[in-house]
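The values are calculated or read from the model by the stated rules, or taken from the named source; none is laboratory data. Keep in mind the model is a prediction, meaning the values are calculated, not measured. Quick reminder, even Gly has a Cβ in these numbers, built from the backbone with ideal geometry, and neighbours come from all protein chains shown. Surface areas here come from the heavy atoms of the whole protein model, side chains and all, with no ligands, DNA or RNA. Shrake-Rupley method; radii C 1.70, N 1.55, O 1.52, S 1.80 Å.
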Amino acid sequence: MIPPDLLSNLDGIEKELHDCIQSVSDQIQSVRQSLAPDTSSGRRMSSRSSSPGPSHRRLREPAALMAHRGAKAERKQQPKVAPTVSAKAGGHGTDSTQLRLHGRWMDLATQAAEAPTQDNKKKLNRRMALSSSEGDDTRRMESRILGVRVPMTSEPFHPHGAFRICWDLSAMVLIFGDTVLLPLALAWDVSMGVDNLFSSVLLCSFWLSLTFWTLDLLINLNTAVYRKGALVVSRSRILLSYAKGWLLFDCLLLSFDVVYVSSQSAVSGEFRLLRVTRILRLLRLLRMLKLTKVNNIIEESAANSGRQWVTVVIAIINTTVFMIVCVHLLTCMWWWVGRSMSGPVIEDPSYDSWVVRAGAHIVDHWVQYLHAMRWIVNSPSPPDLAADSGVERGFDIVVSVFVIAVIGSAVSKISSTLAELRAMNEARNRRRREVRQYLSSQHVSFELVSRIMRFVDYRLEKFSSTQLDTSLISPTLQLELYVGQRSNYVLEMPIFKLLTECYHDVFGSVCAALQKNVYEKGENVFIAGSWVSCLYITATGHYAYIEGFDTDGESLEFSKTRWFGELSLYAEGTLHQSTLIAESFAETFTLTGQDLAECVKQSRGCMSMFCDYAKDFVAAMQGTASKCGDEDQVHVAAECCRKNQHYQELYPDPKTRLHNIQIPTTNSNGGDSDRSQELMPWEGDNLEQGDSNTPGRASRNGSKESMESVKEEEFREHEGERALRRSSATKLTDPGLLGWLTALSELDQSLAARLQELLPELNTEFSPHIVFEQNAERDRAESSCISIMSLWKDRYDIFTQPQAPNVKLRPEQWQELQDLVNWIDPDLEQIQAVLVLLAIRGLGKSKSVLQQMPRDNRRPEKAVLHLMESQKNVVPSVFWLGPRALSFITDALAVHELFNLAQMLQGENLPANIAQLRDCIAEKGQDIFRFYIFFLLGFMSGIAAGQGSRFMNGRNASSVISGVRLLKRLMECNPTAIYWGYLEERAQKLRVNFYSAEDLVLIRLSCLARAQDEKDYLLLRTSWDALKARERVALTDHFLADGIQEQAFVLEFLPNCMANAKANSTVGLVGLLGVLVDLLNNLNTSLESMPPMEKMIPVDLSEMAEFIAVVQNRFVFLTCVSRCQLQFVGQRVYLKMTGSNWGRTTDPDSDMTSLAYTLQDILQKQEVLEAYIMRKHEDSGPSAAHLVVEEDVHEDFKALERSSSMAVQQMVF
């Protein structure tokens, strides 16, 4: 309930604000009328038109910059005031047509390890622990990829592997054989030998048993064991576990067999006198204790079948076998007692035992066995025994009691099994009965009752009526249980196949997070146009799939496992574009993005894998026509999974292995055969066989074959072609680039085709860019080469061919480019070197290339240098470069790694970067500098690709020409003067002032915001005026710091931040500038507690740029710095947005915060108006009328500020 006082206060505040705003509007109108004559004269502009040309003018530091340094030095001497964090408002809105990555994945990306080497080693050990066997080729591959030494020894057997199960079954057969044969041999006193068939069988059985149990001892030492639900593969731990279990027992029984063999072969008869051999043979029956293990496996298999009759049958069979074994042992024992009582020779008895009284001593052996069994199964009453035979009568009594106990236990076990089954069925029947009773009491129609009861029967059949007591099993076993139940459905998705290969524990958590849903026939699983809230995986049943929004359209029926809505796991606000209907009783599993994120948090490496996959998946879906189509998601999922770094590490594509690549070259120009190069060893038939097969580990769910099949098929497609090429070519032929350049007089329209022949790296079919699937880089390289040739030969038509007429490069700009080329004056060897450099430079951006580089060379420029030195088969054009050309390329790459022209053109770097470039050029020489400038012209021309230069048009060329022209004077001018001289020329282009310190900051912000005209500049100026004076001072100090004389931050990715801020009206430029002030305050505060750092400190804002693109709440963004973390790595700083920010990207605005933002907008308009009046006052001079108007406006401003502050305070209260 809202208090009436609050409503009345809000009404009063609203009326007061309305009056103040009306008063301000009247005053503004008066100011405009009074200043109307002055405004007609227009803006005061920089009078540079009469100054000398830009190439001849003297460069020096701006006076405003030097004045600002002095004012800043004075401010440092004043006492510091603690900064306050203020929130800046901006517009609010979202782009509903843009797929955006959910903030939870950006949160996980900040937590993921930047170098998952250690995590990958743990992952490898885990995969080895889970495997039952793994080939040597796979281990060699893993040791090469991950940089760890994997011993090439056989792995322990899996306790539930096929080999171990077969071995246990063989042990069971041998134990049953000993159970049958040994009692017979002892009772009838039969020795091993070759005298008769039974003796021969005993002899074979003994030696077979001795051999088997000897090997069994070794196999047990080489079989993994489970401890606390985890699989143990360490042989030391296996030995320890075996020693605590059956090791002593097995060694003891094995020693008995050895002693028995020794006793049989001993010369002395001492063993026989002591009757040791009989005892040793009898002790072999102790192995029957091992049958309990096999019996447990059989009972678990029966229970796992899910069929009640199987459980009953197995219980009856086990009980029957147990009774038969007992009867057999008692039969043999009863015959041994009777035979022993009869005397040493059974045929000539000396005592009237039961054998003699029954006449069994004169019949065949098998009849004797039946006589003995008859006494055990159903002994005569009274027994026909001698009156003085106490031993026989005592044994008869024991047997009778034992038989009663055995039969009773057997009957009890069968009865308990049946009772357990009845109890299980009772719970099911009770639930079914309760449903029927409810329906009967509600007078439901018969047709509906039938449907409901059929569905209830299905649910009761599929869902257990009992709940699992998770306290009885370990968490690991719980996950294994879920994996066994659900993995077959989940593994249909490529990313989860990769997950089970890399992080099996996380895969188990994903299986556990799945939610099962049951649908009746005709029920909608989802319909077109509804929001996608989770991933759907069909498990059982028949379905009808209708694509599109027409529910009456043609349907596709299927019953296999398929998945839908994977995009909802990673993106926000997606819609179903199809309908799925259950055509029978059906089951599906669902998974939400939040549940998946919680699962992958278990491993840093897994977070990295899923974050990369999520970014690629959302970006790929954004490029599709449907944006959310189910078929597109299936294709994109497979493609993004293959591109994932973890997949590439586990299953390296043979085609992209550097040692397997061969780029064909042809001498299309009749080049000099003397310059042909012999094939190096790695260029012949010696391909990496391990890479071409990549067997991997056979996973439990059979996912390995599906994960590798695509690579193997693609590799086989090109295998024949590569083999033919290897057999037909033994030398690499020089295409003749240098000769063509020497003989070249004019360019024609076939330039692109000729360059593809002369530079194999540009070939549209065999280029290494094509091999590494970066076609865009090949196009840029081709555009750069065409552009550089056009500049060299002064072919304006070829250079501007892909440009639109309205933005075509102007002739005067072309002449400036020609002046630069004339200043460089390249020779033929430099032309050849720059063409090769432009053709191969883009290879350093390939993920496949960087993954195969040593860790120190995983930067684009260093990767290209490594290819030139060690993998020339990938860049064959390097073969025919002379030492001078190679030195040009090497030095140019080193310079390019140090200095980035594009960052200078958009105001991202500092004068200190130019100073670094100057020091580098002073060391390397002017020739390298001119070559580097020549390379920059080609590099910048090819940014947008095209058969010519699409980028270097009339709009973009002026900035590039200005920057390059000023860099020409690098060795003769101050780096700070060069830097601000370029920005001054940008100010002239925009026709804005370049006098005050704020003017300098605004020009640099214009470059960062990629302002193209005066309209963009005015938008930026308006945002700047909305800032408070303290904030403008802080930003001025930052953007005017040079990193040479004073410490400065290089805010990397700030242009991306500003572009995203302009695109996201929730943020806006005003909000971004305010947040930058808070960030700079935090950086300066952190530096005070840090050890001394260099003058120039790079700050990585890449995460902030991504955050700006997705945040949908103004307050969350404006206060995001308070939830960020600054990570110092060496001399660099990384801004981490943390989960506290990513988790709030979609927070909605409340009514109270919206009202507060409205008041803040009014305050910002006040700041803008004050700045506007102050500028007009400075331009026109302080007249008396102006001063009166100014006083009135300030009074209204103060009243407006007081009312706004009161409103905010009352809302907070």
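For the range 892-920, give me each residue that is part of a loop (DSSP other than H, G, I, E, B), of a type outside the set (Gly, Ala, Ser) and open to solvent by less than 10 Å² (accessible area, probe 1.4 Å).
Answer for the range 892-920, where residues must be part of a loop (DSSP other than H, G, I, E, B), of a type outside the set (Gly, Ala, Ser) and open to solvent by less than 10 Å² (accessible area, probe 1.4 Å): PHE899, ASN909, LEU910.
Whether any residue in the range 980-988 is within 41 Å of the chain's Cα centre (by Cα), surrounded by 21 or more Cβ atoms within 10 Å (Cβ to Cβ) and among the aromatic types (Phe, Trp, Tyr) is what I want to check.
no
What about ALA839, is it touching a helix residue (DSSP H, G or I) at 6+ places or on another chain (Cβ under 8 Å) and either open to solvent by 10 Å² or more (accessible area, probe 1.4 Å) or not hydrophobic (A, V, I, L, M, F, W, C) (or both)?
It is false that ALA839 is touching a helix residue (DSSP H, G or I) at 6+ places or on another chain (Cβ under 8 Å) and either open to solvent by 10 Å² or more (accessible area, probe 1.4 Å) or not hydrophobic (A, V, I, L, M, F, W, C) (or both).
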Quiz item: Just one of PHE772, PHE766 is in contact (Cβ under 8 Å) with a residue 60 or more places away in the chain, under 17 Å from VAL875 (Cβ atoms), aromatic (Phe, Trp, Tyr) and surrounded by fewer than 21 Cβ atoms within 10 Å (Cβ to Cβ); which is it?
Solution: PHE766
Quiz item: Would you say ALA625 is outside any helix (DSSP H, G or I), over 17 Å from CYS502 (Cα atoms) and open to solvent by 20 Å² or more (accessible area, probe 1.4 Å)?
Solution: yes
Quiz item: Out of curiosity, is VAL325 at pLDDT below 80 and surrounded by 14 or more Cβ atoms within 10 Å (Cβ to Cβ)?
Solution: no
Quiz item: Going through the range 175-207 one residue at a time, which ones are open to solvent by less than 40 Å² (accessible area, probe 1.4 Å), in a helix (DSSP H, G or I) and without any contact (Cβ under 8 Å) to a residue 60 or more places away in the chain?
Solution: GLY177, LEU181, SER199, SER200, LEU202, SER205, PHE206
Self-check item: Of the criteria (1) modelled with pLDDT under 90; (2) open to solvent by less than 10 Å² (accessible area, probe 1.4 Å), which one LEU1054 fails
Solution: (1)
Quiz item: Restricting to the range 799-830, what's the tally of residues that are part of a helix (DSSP H, G or I), farther than 26 Å from ALA892 by Cα and in contact (Cβ under 8 Å) with a residue 12 or more places away in the chain?
Solution: 2
Quiz item: Do we find that ASP630 is open to solvent by less than 40 Å² (accessible area, probe 1.4 Å), over 22 Å from VAL506 (Cα atoms) and of a type in the set (D, E, K, R) in this structure?
Solution: yes
Quiz item: Filter the range 575-594 for residues that are open to solvent by 10 Å² or more (accessible area, probe 1.4 Å) and of a type in the set (Ser, Thr, Tyr); which is nearest to PHE610 (Cα to Cα)?
Solution: THR592
Practice problem: Would you be able to tell me the number of residues in the range 210-257 that are outside any helix (DSSP H, G or I), of a type outside the set (A, V, I, L, M, F, W, C) and closer than 19 Å to ASP168 by Cα? | Solution: 4
Quiz prompt | Qualifying positions in the range 966-1012 - over 23 Å from ALA1034 (Cα atoms) and outside any helix (DSSP H, G or I) | solution = LYS968, ARG969, LEU970, MET971, GLU972, CYS973, ASN974, ARG991, GLN1012
Exercise. Could you check THR319 against (1) more than 60 Å from the chain's Cα centre (by Cα); (2) surrounded by 16 or more Cβ atoms within 10 Å (Cβ to Cβ) and say which number it fails?
Key: (1)
Quiz item: Considering the range 328-345 alone, what residues qualify as being open to solvent by 70 Å² or more (accessible area, probe 1.4 Å) and out of contact with any Leu (no Cβ under 8 Å at 6 or more places or on another chain)?
Solution: MET333, PRO344, VAL345
Quiz item: Does any residue in the range 1112-1127 that is touching a residue at least 12 places away in the same chain (Cβ under 8 Å) and more than 17 Å from LEU1083 (Cα to Cα) come within less than 7 Å, Cβ to Cβ, of a residue that is of a type in the set (S, T, N, Q) and open to solvent by 10 Å² or more (accessible area, probe 1.4 Å) six or more places away or on a different chain, and which pairs are these?
Solution: GLN1112/THR94; GLN1112/THR1146; PHE1115/THR1153
Exercise. Could you please give the count of residues in the range 380-393 that are hydroxyl-bearing (Ser, Thr, Tyr) and open to solvent by less than 40 Å² (accessible area, probe 1.4 Å)?
Key: 1
Quiz prompt | Hey, GLY565 on the phi > 0 side of the Ramachandran plot and either open to solvent by 60 Å² or more (accessible area, probe 1.4 Å) or modelled with pLDDT of 90 or more (or both) or not | solution = yes
Quiz item: For the range 775-798, how many residues are part of a helix (DSSP H, G or I) and either closer than 30 Å to LYS655 by Cα or open to solvent by 20 Å² or more (accessible area, probe 1.4 Å) (or both)?
Solution: 16
Self-check item: Test: ILE889 is of a type in the set (Val, Ile, Thr) and crowded, with 19+ Cβ neighbours inside 10 Å
Solution: yes
Practice problem: Please enumerate the residues belonging to the range 1010-1025 that are touching a residue at least 24 places away in the same chain (Cβ under 8 Å), of a type in the set (A, V, I, L, M) and open to solvent by less than 10 Å² (accessible area, probe 1.4 Å). | Solution: LEU1020
Practice problem: Hey, can you tell me all the residues within the range 940-949 that are crowded, with 23+ Cβ neighbours inside 10 Å and not small (Gly, Ala, Ser)? | Solution: MET940
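Scan the range 858-877 residue by residue and report those that are open to solvent by less than 40 Å² (accessible area, probe 1.4 Å) and part of a helix (DSSP H, G or I).
Those that are open to solvent by less than 40 Å² (accessible area, probe 1.4 Å) and part of a helix (DSSP H, G or I): GLU861, ALA863, VAL864, LEU865, HIS866, LEU867, MET868, PRO876, SER877.
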Quiz item: Only one residue in ASP630, ASP685, ASP616 is more than 19 Å from the chain's Cα centre (by Cα) and at pLDDT 85 or above, so which one is that?
Solution: ASP630
